[in-house]
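See structure below.
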């Protein structure tokens, strides 16, 4: 089967594989109710409503649907954390996609908003969630319009709102706009933002959303893509779902591959059976590194992920494998960098992102990410000092203490240090800034040293106390 | 204190009524205020505070956390050039430099004719179509210096540049502040109904009718 | 706090030692209490934990392996193993402090906080020796004013969230907030909306760095220059615990001290900054006698001139000796310490033989009623889940520290509040029922609450609310406390008394907490400065307790203040002694006060400042202020706590009790006191209710104080009849605001300009009825005078009423009141 770039779903490439969530992307009017109903839309909802809510929950759990937002936590298990007898419960859809390297949720919202709505309805039905808030990133104007239109259509057609399909299942889905802050993608920050506050994460414990969430009530926070999988699962069943992908990571995922490949794009890929090599070099995927260049490094899962290198090309696109190799799949944002890339500059760019997006609530991230960025900028500007490299690592250690997750490297004799990192911070944003630093210094220390021109040092009064060293 | 015009005030109440707590409407109302004026004025924040039962300091505290809210007048077209990693790898910084030259402003500034504000932003979510810029949050994929200039020329000439975006988005380019050209409306006869959380004591109807001990 | 059984406690291991934590206790608190200090910034025991600064992270193993966790967010669980000094912990502490310091300016040499700065102290104790930061720090304009008395230096701020949490959770004044994001985050106010909170000074005290500083203290001293003693605020009747700090014999600062039973460490800004008044150059330093322009003392002189003590005392004593007991009256005394009050009670009642003694100024409630009703403590009133009935003034305006306690109970501890008030209060938003009561109608409303016939009432509240409130009260399971006070000076005490008795009858288990506001007025009642009472909550019938100690005891109950002033105006008072009493400002009948001062023979004023009242006296004796005397104070709960001398009183001013001793001496009587301690010792001998509390016992628990219990038998007065309001008139509500032209505020430069100003608040339909526009200046014609004042619309004011603030610049409200009338009707006349 051939693969093709779908022009009206900018960036999406139909790679000829199974389509559990992108099945309608080929249609120009894929976002309309008419097309949705004509292509099996709301069948999954009807299947769910024909079951008892608890059965729907069991089915989702059985399917082992892993969260698609970055943490990869099984949705069915998360759903089970709501305490008995505490009402009301809410569904908050995390559509605040801001991770550098991917925009799969944007595509799902623009191209198939009804599928998302259907997924929300299924979740609400299963768990007794009495209101759903669809939090869409503020900068995604078209996505908001498509969802607004779809909601208006769905309400009018009786799929959303009071007495859905003439049953006693009633739920309102409210479109809520974000306003531009990466940190709000963290689930407790999302809830804070939805309450009208600054989007600063809450401490977990005790504020696990399923226990204490929106307005202090049990709240399920699910990613857009996670919910978009529900219609297919309810229509075809958990067993059918598990026939795709791998044992521990069934189904498909949307991966965005950007950077120095010949055909960057968003692909729906079967988990576990595809490797990075397949993805980068496959004819149906990215068709190799551009312009005769060689692969230098790649980020397997978004800005927070430790970097991979050539020796990791045969790792399968599956959370467990990637984790064991010392990184994370995150939200499926893969960034490929070839040999023309300045590693120090790339590192700085990511650290600067985290510094700009830090919410400011806790000291290590607020101060530490800014400090890291300033040191890197100074190095790039030609005023680096020899002590800066170890200083960077130690600052990182004070944000994320102990051995930082690193990818295995056979020739360097490194064993992988698995994800996630420890944190002195409230949330993982601060530790995320350490990933590019550790990855690039470990591998490309010579590039840093080449940029350092000064001879003086900043005294480091205490040697970093870390187990295993950085 | 009244900032919102009649229609927007009515809309503000409609929005507030969708939430179990009025405070949750803070961000939607800030967007509405920005849509009316082009930026978020102190008067807007004072009225929003009254409408949602908060104080102006809290509303400013919330608003100032987020990138999209502007606290001084900006151009009618806000041009955001992404320089995050995927775009940087494919020329995002060069695009920004070109934009500065082409528009005659440094990043962060507004052109003298009040038409354009240029910003250097973080990932706009179009990474495979790098380098990318947005104008009033409408995408322009796989940008080149040439395509950038064409978009600017269209805007100056009063033509819609949307087709050039290659983002499946068309129609007119809204001015800064307008997010969705379509709004959600929930009609009274279809609304399921919103309750303050403290007034809800039991499981919702369809679940209560079917409790089999499962949470 | 209730005693715990060993079985309740939680056993944990801290640095190898077993420690017993209290149930629900946070790890950081349990460690501190048992001797292990964990550094912290954002943690504050009186505010919700937020875990933001990350300074308190320590190695904690709750069974799933050791991990660095914030100890301020963890409740102790059995078997928890904690290492506060592991290598990992130390490195994290070094790291957090280094992070906090990288953007922190090197301001220590010019920063007020230096020397008492938790950031300095914890960096020295827990932080690295140097910083490795060589980049540019972030900058803000420094400092900016967030209100008239508080400066903010945003560069110093470590974003610990204490000030915003205080403003939000404790005070309910959400006027400062985090702004912007990331390392550009700052605290700020909304433009042109300053941090106008009555409690802003507390944010200065809780700020762990020099970001928030108080202007009254700015650049005045270094902490190591200061001497301090713990004392009690005597400004209002809450008796907040304070630390009095001085340098070179001048008081420079008050800080709040955490008394668990009283103020929790909080102070109103008025209590906090009023030290400026005690230190003011206008404090009277010498006695004054009538004299001429050249300073000669002449009995018929028109001026007041300086005089030596012996001469002034001679003149005063001569007047007292010449007057028959029945023609001597003593008014005031709420400003005095318990000991001084006792000394004056003994002088007036025991030596001079007069029972025309009253510490209140016609603006309070009868002492014998307050001492007869069952009393509650603040803790009891604030019982979680309890019920509170407010039948009195707005605590936010009159008793700031109490307001914070009440607010906490209602907002955070599930207490239910029912207001029976004439206007909105600072607690109305959080009240379950806020019934707007017309002046004079409170007793009727109470009756209606419990099923009595609803009145033809015009107050605009629905009958439904009244019934619902009554049902709620009747069904209340926890403690019910009635906060009882005079809400309005335009309403006599009678209607309030009637309402209080009605509540007492319908809710026999309810307890009362007095809201009388003036300083040590409760001590005055306990010390017998009220007609018919003797020290120790005794009546004249208990004369036998005083037999060997006092020369005598009056046998006829005397006049209260209003009756005394009436008698004085009729020429029936030869000597009128004013103990810190500002009659012209505080008596709710300015005309009566003026006639009394003119009609009295000799007026002897003992006070701190030369108010207009004092200026009309014949003999003026300067008294020492509360930072200049030792003694005790009794708060509105009946709680006795220490007042401690720290500085010398100005000039030759002297403690009030000494003045009493000197006068008695000239009358040939030795009162028998050489010190405040002597007085307290005698009190414990004559007073049954004070008998158990020696000076040592009070000193031993000085922060919490001791509650004196016991009371009188209830004697019911006749109910007060309320005349109907003429439709063309408005019924007046006259209340106090926190800041006014009162003598203490006026002499505190930081507070003097804060009075909100006079305005007449009218309900909007009422405004339309009278045809007045918002802001229009009108005449309000009262029974004894007229005031000109602008009108403002206020939907919170009941129809048929008009609400004025008393003691505002340029408008003399008390001059238009008639203390003889149960309620005051005014006419609004357009100019």
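Read-outs throughout are calculated quantities, based only on the coordinates presented, and are distinct from any laboratory measurement. Note that this is a predicted model, so its numbers are computed, not measured. Ideal geometry is used to build each Cβ from the backbone, glycine not excepted, and the neighbour counts take in all protein chains shown.
Miscellaneous remarks
- Shielding of peptide A:163-176 by partners, expressed as the average count of other chain Cβ atoms within 10 Å per residue Cβ, is 5.
- If R0 equals 56 Å, the separation of the Cβ atoms of residue C:219 and residue A:449 corresponds to a calculated FRET efficiency of about 0.70.
- Peptide ranges C:499-509, C:176-186 listed from the most packed, as the mean C-beta count within 10 angstrom indicates: C:176-186, C:499-509
- The stretch C:666-718 shape via C-alpha gyration tensor axes, a/c threshold 1.5: oblate
- Scoring B:107-117, C:381-391 by mean Cβ neighbours within 10 Å over their residues and listing the highest first yields C:381-391, B:107-117.
- Arranged from fewest to most other beta-carbon atoms within 10 Å of their beta carbon, A:236, C:356 become A:236, C:356.
- DSSP-defined antiparallel bridges as percent of all bridges, chain A, nearest 5: 45 percent
- Residues of the stretch A:102-130 with an amide N closer than 20 Å to a point placed 7 Å from the Cα of residue A:19 along the Cα-to-Cβ direction: A:103-119.
- Average Cα contact separation per residue, the stretch C:401-533, under 8 Å, 6 or more apart, as relative contact order %: 19 percent
- Judged by the ratio a/c of the largest to the smallest principal axis of the C-alpha gyration tensor, the stretch A:66-152 counts as oblate, that ratio being 1.5 or greater while a/b is no larger than b/c.
- Spin-label proximity, residue C:281 to the stretch C:745-766 - amide N less than 18 Å from point 7 Å beyond Cα toward beta carbon: C:746-752
- Using the average count of surrounding beta-carbon atoms within 10 Å as a protection proxy, the listed peptides B:121-128, B:162-169 rank, highest first, as B:121-128, B:162-169.
- Computed on chain A, with alpha-carbon pairs under 8 angstrom and 6+ residues apart, the relative contact order is 15 percent.
- Relative contact order for the stretch A:142-192: 23 percent, from Cα pairs under 8 Å spaced at least 6 residues apart, divided by residue count.
- Restricting attention to the protein assembly as shown, close to 55% of DSSP beta bridges with both partner residues there are antiparallel.
- Taking label positions 7 Å along the Cα-Cβ direction at both residue C:595 and residue C:548, the computed distance is 4.9 nm, reported to one decimal.
- Spatially, the stretch C:801-831 and the stretch C:67-94 are offset by 62 Å when compared through their Cα centroids.
- With both labels modelled 7 Å from their Cα along Cα-to-Cβ, the residue C:709 to residue C:77 distance reads 4.1 nm.
- Estimated purely from DSSP H runs of n ≥ 4, each contributing -39500 (n - 2.57), the mean residue ellipticity at 222 nm for the protein assembly as shown is -8500 deg cm²/dmol once divided by its residues.
- Cα gyration tensor shape of the stretch C:483-557, rounded if a/c is under 1.5, else prolate or oblate by comparing a/b with b/c: prolate
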